[in-house]
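K.L.:
Quick one: the structure is below, and I'll ask about it shortly.
The values are calculated or read from the model by the stated rules, or taken from the named source; none is laboratory data. Note that this is a predicted model, so its numbers are computed, not measured. Reconstructed Cβ throughout: ideal geometry from the backbone, glycine too, with neighbour counts over all protein chains shown.
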Amino acid sequence: MATIVRRARSRSFGRRRSRRKLVWARSANTPAGTSIGAGVVIGTDLLADYVTQSGGDSLNGSTLMAIRGRIWASAVQQAGVSIGITWGIRLDEASQVALPAAQLLSTRAPGSSDRYGDWLARDYFWMPTTAGGINDFAGGAVEYPALNIRSRRRIDELNATIALYVENLAGGATAAYAFDLDLLLALP
């Protein structure tokens, strides 16, 4: 008797899924930076430039794959004033980013009690002074180590975006911050 040998076939034969298109979205406010007063929170939509340059395409269904880049902070040299800046990157609604600073302070500040938001990263710069001294960095810029965040965040909602929030925790000092970030997106 002859033995019949059957080849195993994959169930997905002929239904191969196409690869998603990967694009880099760049967001920066360098070299001038942005001035931020004491006790103020500023929100920045990191995907706004990409949406504008792509002709208003919707990011609905896209996935954020990675963020890489740098963040800098600086302050005017002042005697006896410590500078503290917190920053955070989160998946948020575009309408929240444009809120007045007073509302952002209570709801979206990186140092607020909003621990349950979809934060990709949260950290701070702290530049202390000695009693009656001057800022340790003497008015120069402090650079946060290079960011390399790998995280898959799906942008499911029509109004969703990736936002950078920066808060100046200093008593009476005005600080400045700058950023240069690249975001890798997998389009649907």
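K.L.:
Against the conditions (1) of a type in the set (A, V, I, L, M); (2) modelled with pLDDT under 80; (3) surrounded by 10 or more Cβ atoms within 10 Å (Cβ to Cβ), where does Leu46 fall short? Just the number, please.
P.N.:
With respect to (1) of a type in the set (A, V, I, L, M); (2) modelled with pLDDT under 80; (3) surrounded by 10 or more Cβ atoms within 10 Å (Cβ to Cβ), Leu46 is out only on (2).
K.L.:
May I ask you to list the residues in segment 27-58 that are among the β-branched types (Val, Ile, Thr) and assigned to a strand (DSSP E or B)?
P.N.:
Thr34, Ile36, Val41, Ile42, Thr44
K.L.:
Among the numbered criteria (1) touching an Asp or Glu at 6+ places or on another chain (Cβ under 6 Å); (2) at pLDDT 70 or above, which one does Pro110 miss?
P.N.:
(2)
K.L.:
Okay, next question. Would you check which residues across segment 150-188 are under 12 Å from Leu47 (Cα atoms) and not hydroxyl-bearing (Ser, Thr, Tyr) and list them?
P.N.:
If the condition is that a residue be under 12 Å from Leu47 (Cα atoms) and not hydroxyl-bearing (Ser, Thr, Tyr), then Ile155, Asn159, Ala160, Ile162, Ala163, Leu164, Leu181, Asp182, Leu183, Leu184, Leu185 are the ones that fit.
K.L.:
Are there any pairs with C-beta distances below 7 angstrom linking a residue in segment 32-50 that is farther than 14 Å from Tyr177 by Cβ to a residue that is part of a loop (DSSP other than H, G, I, E, B) and among the aliphatic types (A, V, I, L, M), with the two at least 6 apart or on different chains, and if so which?
P.N.:
Leu47/Leu59
K.L.:
Continuing with this model, one more query. Output the number of the condition that Thr174 fails; it satisfies all remaining conditions of (1) over 18 Å from Asp118 (Cα atoms); (2) of a type in the set (Val, Ile, Thr); (3) at pLDDT 85 or above.
P.N.:
That leaves (3) as the condition not met.
K.L.:
Still on this structure, please answer the following. Being surrounded by fewer than 19 Cβ atoms within 10 Å (Cβ to Cβ), on the phi < 0 side of the Ramachandran plot, at pLDDT below 70 and out of contact with any helix residue (DSSP H, G or I) (no Cβ under 9 Å at 6 or more places or on another chain): is that true of Gly132 here?
P.N.:
no
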